[in-house]
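Peer 1: Once you've had a glance at the structure underneath, I'll fire off some questions.
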Amino acid sequence: MNWIYFLTQFGFGTVKYLFSQWGALAYVKAAGNIDLNFINIFVPTYLGAVISMSIFYFSSDFLMERAQKKRELKIKEAIKKGVVLKEKKIFTKMNKLMVKTKQRFGIYMLTLIAPLFFSIPLGSIICAKFYGDKKQTFPLMMLFTGLYGALTTLLILLING
C-alpha cells in the first residue's frame, strides 16, 4: 500500500475535487507501481472531499461571523485613523451568478456545481450560506460529489482500462 499516494489524493480531494481523479490518474501513470482501479482512484479523493465538506459546511456560520467582525474592525480602525476606505462592492459578478443559480435551479443545482466548480471549502460555505437551514443540503452535496467522482473514475477506467 502506497501511503504517499493515498495522502496526496486525499489532499487533492479536500481542495479541488473537480480535477482530483485526473490527478490520481497522472500519479498512477507516473509512479507505475500502483494499480489503476476504482478503489485506488475514488476512495482517497472522495474521503478527502467528504472530510473537507464536513469541516467547512458545519463551521461556515463561525467563519462568516468572523469575517463580518474583521470587516467591522477594519472600518472602525480606518475611521479612527481618518483613512477613507473604498466601499466593497455588494453586487459582484460572482454574487449575481450565485443568486441567479439559486433562483433558477434551486438547491439541487447549487449543491451540484458549487463544490465542484469553486472548490470544496468555498462551495461548502456557499451552500451553507444559501441553504444551511435545509436538512437535505449536506447529504445532497455528498451525493452529487460522490456521483461525480464515481462517474469520472469509471470514465478514467474506460479510457485507460
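Peer 1: Looking only at region 1-60, count how many residues are basic (Lys, Arg) and within 16 Å of residue 115 (Cβ to Cβ).
Peer 2: 1
Peer 1: Consider residue 28 against the criteria (1) out of contact with any Ser or Thr (no Cβ under 7 Å at 6 or more places or on another chain); (2) surrounded by 17 or more Cβ atoms within 10 Å (Cβ to Cβ); (3) in contact (Cβ under 8 Å) with a residue 24 or more places away in the chain: it satisfies all of them except one. Which criterion is unmet?
Peer 2: (3)
Peer 1: Given the structure, is residue 57 surrounded by fewer than 16 Cβ atoms within 10 Å (Cβ to Cβ) and closer than 21 Å to residue 135 by Cβ? So that I can check it myself, show each step before the final result.
Peer 2: On the way: surrounded by fewer than 16 Cβ atoms within 10 Å (Cβ to Cβ): no; closer than 21 Å to residue 135 by Cβ: yes.
Here the answer is no, as residue 57 does not meet what is asked.
Peer 1: Ok, one more. Give region 129-159 a look and list any residue that's touching a residue at least 60 places away in the same chain (Cβ under 8 Å) and of a type outside the set (S, T, N, Q), or say none.
Peer 2: 129, 132, 138, 141, 142, 146, 148, 149, 150, 154, 156, 157
Peer 1: If you go through region 67-85 one residue at a time, do you hit one that is under 17 Å from the mean Cα position of the chain (by Cα), over 25 Å from residue 3 (Cα atoms) and either surrounded by 12 or more Cβ atoms within 10 Å (Cβ to Cβ) or modelled with pLDDT of 90 or more (or both)?
Peer 2: There is no residue in region 67-85 that is under 17 Å from the mean Cα position of the chain (by Cα), over 25 Å from residue 3 (Cα atoms) and either surrounded by 12 or more Cβ atoms within 10 Å (Cβ to Cβ) or modelled with pLDDT of 90 or more (or both).
The values are calculated or read from the model by the stated rules, or taken from the named source; none is laboratory data. A quick note: this is a predicted structure, and the numbers were derived from the prediction, not measured. Here the Cβ is made from the backbone with ideal geometry for all residues, glycine too, and neighbour counts use every protein chain on show.
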